[in-house]
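One structure coming up, written as structure tokens, with questions to follow.
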Amino acid sequence: CGRVPAMGGVRCPPLAVAPLHPLAGPAGCGAAQGRLAHKLLHDLFANYSSALRPAEDTDRALNVTLQVTLSQIIDMDERNQVLTSYLWVRQAWLDAHLTWDEDAYGGIDSIRIPSSYVWRPDIILYNNADDRFSGSMETNVVLRSDGHIMWDSPAITKSSCKVDVSYFPFDGQQCRLTFGSWTYNGNQIDLRNQLDTGDLTDFVENVEWEVLGMPATRNVVTYGCCSEPYPDVTYTLLLKRRASFYIFNLLLPCIMISFLAPLGFYLPADSGEKVSLGVTVLLALTVFQLLVAESMPPSESVPLIGKYYIATMTMITASTALTIFIMNVHHCGPGARPVPPWARSLILHHLARALGVCEVGESCGSPRRAGAGGTGPQEHPGVGAEPGPCPRGRCLCHHHVLLSSVGYIAGCFRHHRAAQRRAGEWKKVAKVMDRFFMWVFFIMVFLMSMLVIGKAA
């Protein structure tokens, strides 16, 4: 029994105190260890007070080392700017009043006791955002014979984190966890970080956030209330959002809906659905905009996807207004004025050929000839023509009443055909403008989508 070390760093007493019976040996060893551990605990805390800082020299600072292990990111509340995380906090310091001789207590080199028995540094999270101020769990501490104490405690913390959503959903965040003593200054407790970074070996992967690192820095701050320095250790949690969920649920639907808006110019004006399509697309984008606004903090910085929504909604509003104007041009009617010469040359000739807009039976590669399409009076040579000389005995041309009636009918027919020709020209102007604005808005939607993807990259 004396040659085999027991668990917890406790060795059995010499063989002289062990019983000789072979079956009673281990039980006697355990009983001796228990008595020695009980005696050690009684001797250590007979005149010990956990209220005083355990330093041999009160003028010297007590060294406290801190190490934080990130286990899990529970929640990131962007709207309230609160990070909820599960941490393992390890603190280590030297208690000069809790030392003993291992040989005097059967080789016991360490014991585990409740943390409330010993003095503990009041290390707290400075940027705590929990309304209940729940601290670490009351776990045991490991006390060694040389006075070194190590306290590992898990904690679920809610810390304030300044969230920058300018590039949402392709954003990254930097959340700081600042630990320090609340009452002891730097002359009493010298707080230092054990490693230059937080421990991420036991981190449970988060579905929304990717952890890029957790560097640790030590800062010494002098506050306005006190002249003494106060050291703290700040862990900066570097996070990057996994954007796949938002791409497939917010960005791609918006891009597909925005590509529907220019197709409103392709609809025939007589269908009666041009304006309703633009209004429907505008309402759909408004719903997506409200979904994004509900999850974002009410700050001055507009998210990237919010800017895309606003730009797309502005474009759709402009396209709807232009559609109303073009429909007004289309439905000018027979009483409209003739198409101006500059509009006839620019829109009906050059722009129509460039966009491939042509009427049925008309060649898009050559300008329209006068009289083509059956709109001129030349198609009816006998209508409206001046009556030529005819023999008096074979016709009734000498009857002036009949001639005036035929001239009136021919004039009405000429006015009707001219009004139809003017209305047809205005309809073609509206059709060319529809096709022109359709390509303009298609290019605008494509450029905006590429701009969003470029900024995300």
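The values are calculated or read from the model by the stated rules, or taken from the named source; none is laboratory data. A quick note: this is a predicted structure, and the numbers were derived from the prediction, not measured. Note that we place each Cβ from the backbone using ideal geometry, even for glycine, and neighbour counts take in every protein chain shown. Surface accessibility is based on the protein's heavy atoms, side chains included, excluding ligands, DNA and RNA. Shrake-Rupley method; radii C 1.70, N 1.55, O 1.52, S 1.80 Å.
Any chance you could run the full-extension gain for residue 403 through residue 204? It's 0.36 nm times the residue separation minus the Cα-Cα distance, nm to one decimal.
Gain in length upon complete extension: 61.5 nm.
Mind giving me the nanometre distance, one decimal, between the label points for residue 273 and residue 167, set 7 Å out from Cα along Cα→Cβ?
Result for the modelled spin labels: 4.2 nm.
Please compute the per residue accessible area over region 36-241 with all protein chains in place, 1.4 Å probe, rounded to a whole number of Å².
Per residue, region 36-241 has 51 Å² of solvent-accessible surface.
I'd like the Karplus ³J(HN,Hα) series for region 109-117: coefficients 6.51, -1.76, 1.60, θ = phi - 60°, whole numbers in Hz, and an x wherever there's a Gly or Pro.
Whole-Hz 3J(HN,Hα) from phi for region 109-117: 9, 7, 9, 10, 10, x, 5, 6, 6.
Relative contact order for region 36-241: what is it in percent, counting Cα pairs under 8 Å that are at least 6 residues apart?
24 percent
Let me ask you something else. Amide H of residue 176 versus every other amide H placed in the peptide plane: which residues, excluding those fewer than 5 positions away on the same chain, fall under 5 Å?
Here 162, 237 satisfy the definition.
Follow-up question, since we're still on this one. Relative to the compact-globule scaling 2.2 N^0.38 Å, provide the ratio for the alpha-carbon radius of gyration of region 36-241.
Rounded to two decimals, the normalised Rg is 1.16.
What's the FRET efficiency of residue 139 with residue 240 using the Cβ-Cβ distance as r and R₀ = 35 Å, to the nearest 0.05?
Efficiency at R0 = 35 Å is approximately 0.60.
Largest first, what is the accessible-area ranking of 137, 296 with a 1.4 Å probe?
Descending accessible area places them as 137, 296.
Students often get this wrong: which residues of region 92-126 have the backbone nitrogen under 12 Å from the point 7 angstrom along Cα-to-C-beta of residue 150?
92-93, 110-111
Can you list the lysines whose alpha carbon is less than 23 Å from that of residue 307, not counting same-chain residues fewer than 8 positions off?
162, 240, 455
List the residues, sorted by chain then number, that are 5 or more residues from residue 100 or on another chain and whose placed amide H is less than 5 Å from its amide H.
147
Can you work out ³J(HN,Hα) from phi for every residue in region 253-259, in order, using Karplus 6.51 cos²θ - 1.76 cosθ + 1.60 and θ = phi - 60°, giving whole Hz and x for Gly and Pro?
Once rounded to whole Hz, the list reads x, 5, 5, 5, 5, 5, 6.
Quick one: which residues, 5+ away or cross-chain, put their amide H under 5 Å from the amide H of residue 197? H built at 1.01 Å from N.
The answer is 216.
Ranked from highest to lowest mean number of other Cβ atoms within 10 Å per residue, what is the order of the peptides 243-250, 401-408?
So the order, starting with the most tightly packed, is 243-250, 401-408.
So if R0 is 60 Å, what FRET efficiency would residue 42 and residue 212 give, r being the distance between their Cβ atoms, rounded to the nearest 0.05?
Between residue 42 and residue 212 the formula returns 0.75.
Sort 446, 265 by heavy-atom solvent-accessible area, probe 1.4 angstrom, most to least.
Sorted descending by solvent-accessible area, the residues read 446, 265.
Run the simple label-point estimate for residue 65 and residue 194 please: 7 Å along Cα→C-beta, distance reported in nm.
0.7 nm
For 450, 315, give the ranking by accessible area with the largest first, probe 1.4 Å.
Solvent-accessible surface, decreasing: 450, 315.
Run the accessible area of region 36-241 with a 1.4 Å probe and give the carbon-and-sulfur part as a rounded percent.
It is 49 percent, rounded to a whole number.
Calculate, in nm to one decimal, what residue 110 and residue 75 gain on full extension: separation in residues at 0.36 nm each, minus their alpha carbon distance.
Full extension of this stretch gives 8.8 nm more.
Which ³J(HN,Hα) values in Hz, rounded to whole numbers, follow from the phi angles of region 206-218 under the Karplus curve 6.51 cos²θ - 1.76 cosθ + 1.60, where θ = phi - 60° and Gly and Pro get x?
Result, rounded to whole Hz: 9, 6, 10, 10, 10, 8, 8, x, 8, x, 10, 9, 9.
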